[in-house]
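Down below is the structure, laid out as structure tokens.
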Amino acid sequence: MLVVILGIAFILIAWLFTKQSVMSAAETQEFKDRFHFTTTYLNDTNLRSRSIREVTPALKHINSWVSAFGASVGFGDIDGNGLPDDVCLVDPRDDSVRIVPVEHQNYSSFELIPNSIPYSSVITAPMGCVPVDLNEDGWLDLVVYYWGRPPAAYLQKPNGGILESTSFLAFDIVSPNQVWNSSTLNIADLDGDGHLDIIVGNYYPDDARLLDHTLEQDPYLRMPESMSLSRNGGKNRILRFVETLPGEEGVLLPIFSEELNVFPDDTAYAWTLAIGVQDLNEDHLPEIYFANDFGPDVLFYNQSTPGQIQFIQLHGDRNLVEAKSTVLGNDSFKGGGVEFAELNDDGLPDILVTNNTTPFGLHESNFVFISKSDEFSSLSEGYAPYTNRSEELGLSRSGWSFDVKAEDFDMDGTPEILITNGFIRGNVNRWPQFQELLMLNDQLLRDPRMWPNLGAEADLSGMQQNQFYVQGSHERFVDIASALNLDNSGVSRGIAIADIEHDGRPDFAIANQWAPSTFSRNESAVQNYLGLTLLITDQSQTVSRAAIGAHVVVSTPAGQTFTRQLYPANGHSGKSAPEIMFGLDDAVDQVSVTVSWRDKDGIHQQIFTLKPGWHTVLLDSEASN
């Protein structure tokens, strides 16, 4: 009898520890009063051209699954007005890539046209767009990645800020043309030479023509070889910046070289959905986190030198009470998004990762990998000094989740967390059939004929809502999206954040799959804040671009310290503006700001004394400490 009582007590205690947090009515009302967003649509609400893709015949019975990707949004100052109030929006309903003015209507929305590169609409569809000055000429370009071909650069012509389709030159980053199926892309200076490199995360296998409905058989087509340890996807790649060459109409052409054999084969061919970059040990060489579907995520430690890119894989340690799949590098989950935020006040980035956490479905766990600040000297030995605290912080379960972003939307010094949710929206619940697939023998899983029917009628977690987490009592985060009326019009993919008015209120956009995408204007009553646009110049000191990779440390007179790094393209398919913001106490009237960055001449540092508000800072390596 005693054993039974003890067993019941253990179950009750375990249930209490895993029960998701619920705020009191008073606390919910407090947060509801603190935040206010007004949401509008970014693209055509009446576009009904389609809600599913044409796919190769072997995948026709699962065309809803294959059609579940492609919505993307990225913020940037594309028109050069000093504000990041333009978006590059990928709409899978018509496979368009459009530049849309969110606020100041200095131009009309227009579509990027791939008219000077090899492009076949039969096998190609855009999956995402990253605004970045790729050729270092001071004008913002767009990097678009696809299923069916490698990424392409749309280089803005030096035309005084006049924006239309002809203002951009489509340019092949990779030559000769190949068939890649890319799901995400990130930008960072990986080798410390002062130039931005490109990291491409591929999903379906290279050369597989997923969207070619005229192809009877495809020898390259295969599904994952395992639900938990699949390494037969597309190859993840690094494209290293080499130089710029003069092109037509005064456009500088950025030349990249593919770095071969950077990642071992057992990780290079993962089914990657998101990429995060962050400098974890403050050497100004960013590490890479790959969030992978159907198997372990991977964290790589950067040991590169200029012109030579090199990484080693990191693994966390498992203790007696920790499940194997919650140890960094050992999970068997379905990673969808990755973000970095400072959650434990040790000055080091923590890592947020979303997975599939559908109740009564595929109930895995999100991760919140909290840094162990006293163990970071072990990175070079292959050790990842992180421990998962997602359950303790109330962030372990959200839904079938993709992008995740952390931002201090009310500038009170504590970040809020946004997560997109939902996979396939239909009218027939296909979870029973999908659960059977989860139990299929791995030898059969890679054959698409073994997959259940997931056609236009299928629904897999299609009605899940996006979530807006705030940190309540006892440090736990609680979702209050419904209280704020932040309903999504369809299953969502990407989140992008920008303060489009530079008024201290971070706004955000959501890219929705097969539904209009949205922009949410932040109208909250924010506290004191510091906003930074950080720029670096070229050798002539006449052209400036975003100081991607910069570290910022803000110190207040009261002794508070805040840290952030500028990597705006982290995650799945949402790309934020290259800005950094900090919430400050109302009494703060000035702060000390230390900015450090790396260029071709090494690491530099400048210290500024700034008042609260928004500042554009031009970093000067010659004036650095």
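Only Cα pairs under 8 Å and 6+ residues apart enter the sum, and on that basis the relative contact order of the chain stands at 15 percent.
Within the chain, which complete DSSP H helices have Cα atoms spanning at least 15 Å along the helix axis and a mean Kyte-Doolittle hydropathy of 0.5 or higher? Before the final figure, lay out each step's value.
Working: long enough: 2-18 (24 Å, 2.87).
Both cut-offs are met by 2-18.
Compared with the rule-of-thumb size 2.2 N^0.38 Å for a compact globular protein, the range 411-520 has a Cα radius of gyration ratio of 1.39. Nonpolar atom fraction for the range 489-546, defined as the carbon and sulfur part of the 1.4 Å probe accessible area, stands at 45 percent. Electrostatic tally near residue 166: other residues with Cβ closer than 12 Å to its Cβ, Lys and Arg +1, Asp and Glu -1, net -2. Only one residue of 528, 135, 233 has its Cα farthest out toward the positive end of the dipole of the chain, where Lys and Arg carry +1 and Asp and Glu -1 on Cβ, and that residue is 233. The residue among 174, 194, 250 whose Cα reaches farthest toward the positive pole of the charge dipole of the range 142-259, with charges on the beta-carbon of Lys, Arg, Asp and Glu, is 174. Take the Cα of residue 543, step 7 Å toward its Cβ, do the same at residue 381, and the gap between the two points is 4.5 nm.
Full-extension gain between residue 312 and residue 482, please, as 0.36 nm times their residue separation minus the C-alpha to C-alpha distance. Could the numbers behind the result be given before it?
Details: separation 170, 0.36 × 170 = 61.20 nm, distance 4.25 nm.
Gain in length upon complete extension: 56.9 nm.
Spin-label model, residue 489/residue 561: points 7 Å from Cα along the beta carbon direction are separated by 4.6 nm. Between residue 121 and residue 305, the C-beta separation translates, for a Förster distance of 51 Å, into a calculated FRET efficiency of about 0.75.
Quick check for you: which residues of the range 402-437 have the amide N under 12 Å from the point 7 Å beyond the Cα of residue 463 toward its beta carbon? So the set is 426-429. What number, in percent, do you get for the relative contact order of the range 33-183 if the mean sequence gap of Cα pairs under 8 Å and at least 6 apart is divided by its residue count? It comes to 18 percent, rounded to a whole number. Shape verdict for the range 11-152, please, from the Cα gyration tensor: rounded (a/c under 1.5), prolate (a/b greater than b/c) or oblate. Since a/c reaches 1.5 but b/c is at least a/b, the shape of the range 11-152 is classed as oblate. Between amide H atoms placed 1.01 Å from N, distances below 5 Å from residue 315 occur with 383, 384, all of them 5 or more places distant or on a separate chain. The label point for residue 363 and the one for residue 110, both projected 7 Å from the Cα toward the Cβ, are 5.3 nm apart. Rolling a 1.4 Å probe over the protein heavy atoms of the range 265-400, with every protein chain left in place, gives an accessible area that is 46 percent carbon and sulfur.
Each Lys or Arg adds one and each Asp or Glu subtracts one; over the other residues with Cβ under 11 Å from the Cβ of residue 350, this totals -2. In sequence order, the range 57-74 has phi-based couplings of x, 5, 10, 4, 6, 10, 5, 5, 5, 5, 8, 8, 10, x, 7, 8, 8, x Hz under the Karplus curve 6.51 cos²θ - 1.76 cosθ + 1.60, θ = phi - 60°, and Gly or Pro positions carry x.
Estimate the FRET efficiency between residue 265 and residue 589 by the formula 1/(1 + (r/R0)^6), using the beta-carbon distance for r and 56 Å for R0, to the nearest 0.05.
So the FRET efficiency works out to roughly 0.50.
Using the rule -39500 (n - 2.57) for each DSSP H run of four or more residues, divided by the residues of the chain, the 222 nm mean residue ellipticity is -2000 deg cm²/dmol. You can think of it this way: the chain between residue 607 and residue 245 has 126.8 nm of extra reach, that is 0.36 nm per residue less the Cα-Cα gap. Under the convention that each Lys and Arg Cβ holds +1 and each Asp and Glu Cβ holds -1, the size of the dipole of the chain around its Cα centre is about 2060 debye.
Rounded to the nearest whole Hz, the Karplus-based 3J(HN,Hα) values (6.51 cos²θ - 1.76 cosθ + 1.60, θ = phi - 60°) of the range 164-180 follow the sequence 6, 4, 6, 7, 10, 9, 6, 9, 6, 6, 10, 9, x, 5, 9, 10, 10, with x at glycine and proline.
Give the cross-link partners of residue 405 among the lysines, using a straight C-alpha distance below 28 Å as the criterion and excluding same-chain residues fewer than 8 apart. Residue 405 reaches 19, 32, 235, 324, 334, 372, 575, 611.
When the charge dipole of the chain is built from unit charges on Cβ atoms (+1 for Lys and Arg, -1 for Asp and Glu) and taken about the Cα centre, the candidate among 82, 550, 119 whose Cα reaches farthest toward its positive end is 119.
Per residue, the chain exposes an accessible area of 38 Å² to a 1.4 Å probe, with every protein chain left in place. Pairwise Cα distances in the chain exceed 47 Å for 9 percent of all pairs. Fully extending the segment from residue 323 to residue 103 would add 74.5 nm, taking 0.36 nm per residue of separation and subtracting the current Cα-Cα distance. Using C-alpha pairs under 8 Å with a sequence gap of at least 6, the mean separation divided by the residue count of the range 223-322 gives a relative contact order of 22 percent.
Of the solvent-accessible surface of the range 555-625, computed with a 1.4 Å probe over protein heavy atoms with every protein chain present, carbon and sulfur atoms account for 45 percent.
Computed FRET efficiency, Cβ-Cβ of residue 283 and residue 33, R0 45 Å: what is it to the nearest 0.05? Don't skip to the answer; put the middle values down first.
Working: r = 44 Å, r/R0 = 0.97.
Rounded to the nearest 0.05, the efficiency is 0.55.
State the Cα centre-to-centre distance between the range 369-442 and the range 575-608 in whole Å. With the range 369-442 and the range 575-608 each reduced to a Cα centre, they are spaced 28 Å.
The values are calculated or read from the model by the stated rules, or taken from the named source; none is laboratory data. Just so we're clear, the structure is a prediction, and the values are computed from it rather than from any experiment. Using ideal geometry, Cβ is built from the backbone for each residue, glycine included, and neighbour counts are taken over all protein chains shown. Areas reflect the complete protein model, heavy atoms only, side chains present, ligands, DNA and RNA absent. Shrake-Rupley method; radii C 1.70, N 1.55, O 1.52, S 1.80 Å.
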